[in-house]
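Notes to accompany the following structure.
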Amino acid sequence: MTPVIAGFGHHRIPVADEVFLYAAVGGSGPPVVLLHGFPQTHLMWRHVATDLAADHTVICPDLRGYGASGKPEDTDGTVYAKRTMAGDVIALARALGHERFALAGHDRGALVAFRAALDHPGTVTHLACLDVLPTLDMWEVLHGVTASVAFHLYLMAQPPGLPERMIAAEPDVFFGHFLDSWTADDRAVPADIRAAYLAACRAAVPSIVADYRASAGVDLEHDRADRTAGNRLRMPVAVLQQDWGAALGYDAAAVWRAWAPDLRHTTVTSGHFMAEEAPGDVTGALRDLLAR
């Protein structure tokens, strides 16, 4: 039986030409959209979402190319641009009746959330990003052998063909590697959730690779343009991260502060999948953000 977020309804909503997003929606009150990371689906928010639903309308979609959402072919390198994926999120919220909303994202979802907040500052009221750097900064801090922690970024940045074939040859080994190595508490992703993640990833290899490939191409162009123009995030921002700065030799809070004047940056002790490993801490940080 496929896992679900308890008490949430499920929707299949058109957001662009021939593209739909699958979303779990629950609760009532001010809207909050939660975007999942890799190699996950909306289910990663199952604990946080049910807590926030006590006093918020909580919207948890599968991103374009992931889970049960549409997976259009990447014909020109922009189909999985974070700008395009951010547009999906804006369209989803509007279809559900919300012109303004708070937005939180983890990993890949945080990159989509970051782009949505830069491109639509009048729509995104609050922004939370979990365990990422903006794309431009991410590539700039990876150096030498320490960059091996991000080997998958380099693999999926390659031209179409090779990475898709390599990953599709052993998808459970590839995606399972990250579920294992990025988790500090292996009880955080139980067997049924892990199975759902792996099944979703097996069915989405080309689109997942296209999402990552965009981060070595068009996403960089968009970030560079914003940096050159001096564009910054106008809303309150919360960032929760592992101590990657110490591991890779950079000041994570300073990197984020260059983009976000109204920033609260927190270094966490949980693993990468913090919404599943320490949901109470994540929910507390989101409630603190929403109160600002």
For residue 225, only one of the following conditions fails: (1) surrounded by fewer than 20 Cβ atoms within 10 Å (Cβ to Cβ); (2) assigned to a loop (DSSP other than H, G, I, E, B). What is its number? (2)
Go over the candidates 245, 249, 271, 280 one by one and state the one that is out of contact with any Cys (no Cβ under 9 Å at 6 or more places or on another chain) and on the phi > 0 side of the Ramachandran plot. 249
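Each row is one residue, and each column tells you yes or no for (1) open to solvent by 30 Å² or more (accessible area, probe 1.4 Å); (2) part of a loop (DSSP other than H, G, I, E, B); (3) over 24 Å from residue 278 (Cβ atoms); (4) of a type outside the set (S, T, N, Q).
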| site | (1), (2), (3), (4) |
| --- | --- |
| 3 | no, yes, no, yes |
| 13 | no, no, yes, yes |
| 24 | no, no, no, yes |
| 40 | no, yes, no, no |
| 44 | no, no, no, yes |
| 49 | no, no, no, yes |
| 63 | no, yes, no, yes |
| 69 | no, yes, yes, no |
Name the pairs: first residue in region 245-267 and within 14 Å of residue 134 (Cβ to Cβ), second residue among the hydrophobic types (A, V, I, L, M, F, W, C) and assigned to a loop (DSSP other than H, G, I, E, B), Cβ to Cβ under 8 Å, at least 6 apart or on different chains? 252/133; 255/133; 256/133; 259/233; 260/233
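When you check residue 149 against the structure, is it touching a residue at least 60 places away in the same chain (Cβ under 8 Å), in a helix (DSSP H, G or I), open to solvent by 20 Å² or more (accessible area, probe 1.4 Å) and more than 24 Å from residue 43 (Cα to Cα), yes or no?
Spelling it out, residue 149 is indeed touching a residue at least 60 places away in the same chain (Cβ under 8 Å), in a helix (DSSP H, G or I), open to solvent by 20 Å² or more (accessible area, probe 1.4 Å) and more than 24 Å from residue 43 (Cα to Cα).
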Residue count, region 100-147, condition closer than 23 Å to residue 290 by Cβ and polar (S, T, N, Q), comes to 2
Does region 78-97 contain any residue that is touching a His at 6+ places or on another chain (Cβ under 6 Å) and either modelled with pLDDT under 95 or among the hydrophobic types (A, V, I, L, M, F, W, C) (or both)? yes
Which of the residues that make up region 116-137 are out of contact with any helix residue (DSSP H, G or I) (no Cβ under 8 Å at 6 or more places or on another chain) and surrounded by 15 or more Cβ atoms within 10 Å (Cβ to Cβ)? 117, 121, 125
Enumerate the helices (runs of 4 or more DSSP H) found wholly within region 228-292, keeping only those where 3 or more residues are at pLDDT below 95 and small (Gly, Ala, Ser). 244-248
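The values are calculated or read from the model by the stated rules, or taken from the named source; none is laboratory data. As the structure is a prediction and not an experimental result, all values here were calculated from the model. Note that we place each Cβ from the backbone using ideal geometry, even for glycine, and neighbour counts take in every protein chain shown. Calculation scope for accessible area: heavy atoms of the full protein, side chains included, ligands and nucleic acids excluded. Shrake-Rupley method; radii C 1.70, N 1.55, O 1.52, S 1.80 Å.
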